[in-house]
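The values are calculated or read from the model by the stated rules, or taken from the named source; none is laboratory data. Every value quoted in this text rests on a predicted model; they were computed, and no experiment measured them. Cβ sites come from the backbone with ideal geometry, for glycine too, and all protein chains shown count toward neighbours. All accessible areas refer to the heavy atoms of the entire protein, side chains included, with ligands and DNA or RNA removed. Shrake-Rupley method; radii C 1.70, N 1.55, O 1.52, S 1.80 Å.
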Amino acid sequence: MTLPSHDELISRVDATFAGIGVTSRSGDLPSRTPITGGSLGAGGAVGDVDKTVAAAHEAFLAWRTTPAPVRGNLVRRLGELLREHKDDLGALVSIEAGKIRSEGLGEVQEMIDICDFAVGLSRQLHGLTIASERPGHRLMETWHPMGPCAVITAFNFPVAVWSWNAALALVAGDPVIWKPSDKTPLTAMACNALFQRAAADVGAPAALNQVLYGGADIGAALVAHPDVAIVSATGSTRMGRAVAPVVAGRFGRLILELGGNNAAIIAPTADLDLAVRGIAFSAVGTAGQRCTSLRRLIAHRSVRDELVDRLAAAYRSVPIGDPLADGTLVGPLIDAQAFANVASAIDAANQQGGELVVGGDRVLADAASDAYYVAPAIMSMPAQTDIVRTETFGPLLYVMTYDELDEAVSIHNDVPQGLASSIFTNDIREAERFMAANGSDCGIANVNIGPSGAEIGGAFGGEKETGGGRESGSDAWKSYMRRATNTVNYSRDLPLAQGVSFDI
Ligand code: NAD
């Protein structure tokens, strides 16, 4: 497969910017495309953290008393604009992050979905009414906006993760300050342009979404700011380790979405046709650069050889190349460091007793270019060694063997991360055991689908070194609001709780 010319990509970016309404492809942060490794110009201006937080706080004072369903109108308009510009924004995601076309479009669809969800939510931010133990009293919960919400995002979901947070924060009444990955400034510019149009169309303050372009230093200053009520940070566990103590130290609200090391157990009764497809999508899709990508396969001894043979055949024929071209299933890694990480993990796995089954080579781009395509790799491992316990952000799948389900679950949970997991089985006892209290210890536990590709309707996030945060659907909105418990006395007496008497 041939790669597109760099000029073609530049023209495509210019066309998408023109469609979306971004006026300039210049700024402080250099942008490159992993498709050719060439420069796309630069995007975003490095902003002033104090001024940005002050403007967000100002916007908060008006937004917190705007009725939630009216706040929902802003998110509805954003969703409409995203529908209109899905094609352009999806292409930009492919060009700047390297995702194949359908995944770039899928990311924008996810933004549209969360906008729809948040609009409905804007009429359902309800609390409980609780039976009071005192006569003539009513006990209830009310939910209120908290203040500016910092949203720190990773390169691999350059637009969707912002929207998961922004859509919920905005209907919850919290202005957003977005610190996108410094590897994807152009997609952030495009999203902000659409947001600003939505805000102007419905008459909402422009400062409800501000973008702070820059690297870890800007992110660190934002996280430390005392007027940032909520920090929602998505990225590596290393980043989370730096951010968590700072936010905890000032008693801020923290939502962490960090690294994963996701596994699938393939049981003796598994439908192997289904398993091969589910494994391939989860392990090879997005070139293994999803937080939920499948990295560990724990296969029952009775099915292991057939499974690995079938997977190896699929891996050998998977179309790798230009992510914008029809038929491509694997695009580039984000950069040279990502390729070096995959190569050194393969070396380490070899030293730790592993054997390469397939893949691992750099393909397509010539050695002199700054584009990195890798043939997805499978390594057979005799046991779960240190390297298997480490998240390597690329298409590298370790295969291990088990005999009893208890052993499989124990291998499964014996890693520091706890994001996504799955089992392929047609035995209901095994499926239930996997999802039970003594089963998978992850935030996501699936049956007969791989660990990646979540819908927005469920709460998304994971345990242990994944950070414990929950975003997106279900009741994740509660993380963006403060809860007040209200007791109302409508009697003429003042009975005290727990029968305490205090007569004066
Ligand atoms: P990264 O940790 O290098 O960067 C993520 C973001 O954090 C960037 O915007 C970066 O500038 C910022 N940052 C880094 N150090 C910081 C600091 N000290 N203070 C504040 N901000 C800081 O991650 P990446 O390479 O962009 O993304 C890949 C990683 O993200 C993987 O580990 C992946 O599993 C994880 N990820 C997790 C989820 C999830 O939902 N759990 C989703 C996507 C990606």
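Give me the percent of accessible area attributable to carbon and sulfur for the chain, probe 1.4 angstrom.
Details: 10390 of 19970 Å².
After summing per-atom areas, the C and S share lands at 52 percent.
Our estimate of slack between Ala437 and Val202, defined as 0.36 nm per intervening residue step minus the Cα-Cα distance, is 79.9 nm. With the charge dipole of the chain set up from +1 on Lys and Arg Cβ and -1 on Asp and Glu Cβ about the Cα centre, the Cα lying farthest toward the positive end among the listed residues Ile266, Ile334, Thr65 is that of Thr65. Over all other residues within a Cβ to Cβ distance under 11 Å of Val276, the charged ones net out to -2, with Lys and Arg as +1 and Asp and Glu as -1. For Leu397, the amide hydrogen comes within under 5 Å of the amide hydrogens of Ala377, Ile378, Met379, counting only partners 5 or more places away or on other chains and with H modelled in the peptide plane. With only the Cα atoms considered, region 262-447 has a convex hull volume of 106 Å³ per residue. Annotation: for a label point projected 7 angstrom from Cα along Cα→Cβ of Arg316, residues of region 350-390 with backbone N closer than 12 Å are 358-359. Once both labels are positioned 7 Å from their Cα atoms along Cα-to-Cβ, the gap between Arg277 and Ala367 label points is 4.1 nm. In order along region 130-141, the Karplus-derived 3J(HN,Hα) couplings, from 6.51 cos²θ - 1.76 cosθ + 1.60 at θ = phi - 60°, round to 10, 4, 7, 7, 9, x, x, 10, 10, 10, 8, 10 Hz, and Gly and Pro are given as x. A helix-only calculation puts the chain at -12500 deg cm²/dmol for mean residue ellipticity at 222 nm, using -39500 (n - 2.57) for each DSSP H run of at least four residues, averaged over all residues. According to the Kirkwood relation over distinct C-alpha pairs, the hydrodynamic radius of region 410-455 is 10.8 Å.
Given Leu121, Thr184, Thr153, which one lies farthest toward the positive end of the charge dipole of the chain, if we put +1 on the Cβ of every Lys and Arg and -1 on the Cβ of every Asp and Glu? Ranked along the dipole, the leading option is Leu121. Compared with the direct C-alpha span, the chain from Arg83 to Asp414 gains 114.9 nm at full extension, assuming 0.36 nm per residue. Per-residue 3J(HN,Hα) values for region 192-209, derived from phi via the Karplus relation 6.51 cos²θ - 1.76 cosθ + 1.60 with θ = phi - 60°, read 5, 4, 5, 4, 5, 5, 4, 5, 5, 4, 9, x, 9, x, 4, 6, 5, 9 Hz in sequence order (x marks Gly and Pro).
The simple Förster model, with R0 at 30 Å and r as the Cβ-Cβ distance, assigns Glu306 and Gln351 a FRET efficiency of 0.60.
Our coupling estimate for region 232-240, obtained by passing each phi through the Karplus curve with A = 6.51, B = -1.76, C = 1.60 and θ = phi - 60°, is 10, 10, 10, x, 6, 4, 4, 4, x Hz, Gly and Pro reported as x. Accessible area per residue for the chain, computed on protein heavy atoms with a 1.4 Å probe, is 40 Å². Can you give the angle from 0 to 90° between the axis of helix 160-172 and the longest principal axis of the chain, with both taken from C-alpha atoms, to the nearest 10? Around 10 degrees separate the two axes.
Ranked from the most accessible area to the least, with a 1.4 Å probe and all protein chains present, what is the order of Lys86, Lys179, Lys51? Provide the component values of the computation, followed by the final result.
Numbers: Lys86 55, Lys179 10, Lys51 145 Å².
Correct descending sequence by accessible area is Lys51, Lys86, Lys179.
Taken over the Cα atoms of the chain, the convex hull encloses 165 Å³ per residue.
Under 19 Å of direct C-alpha separation, and excluding same-chain neighbours fewer than eight residues apart, Lys99 reaches these lysines: Lys86, Lys183.
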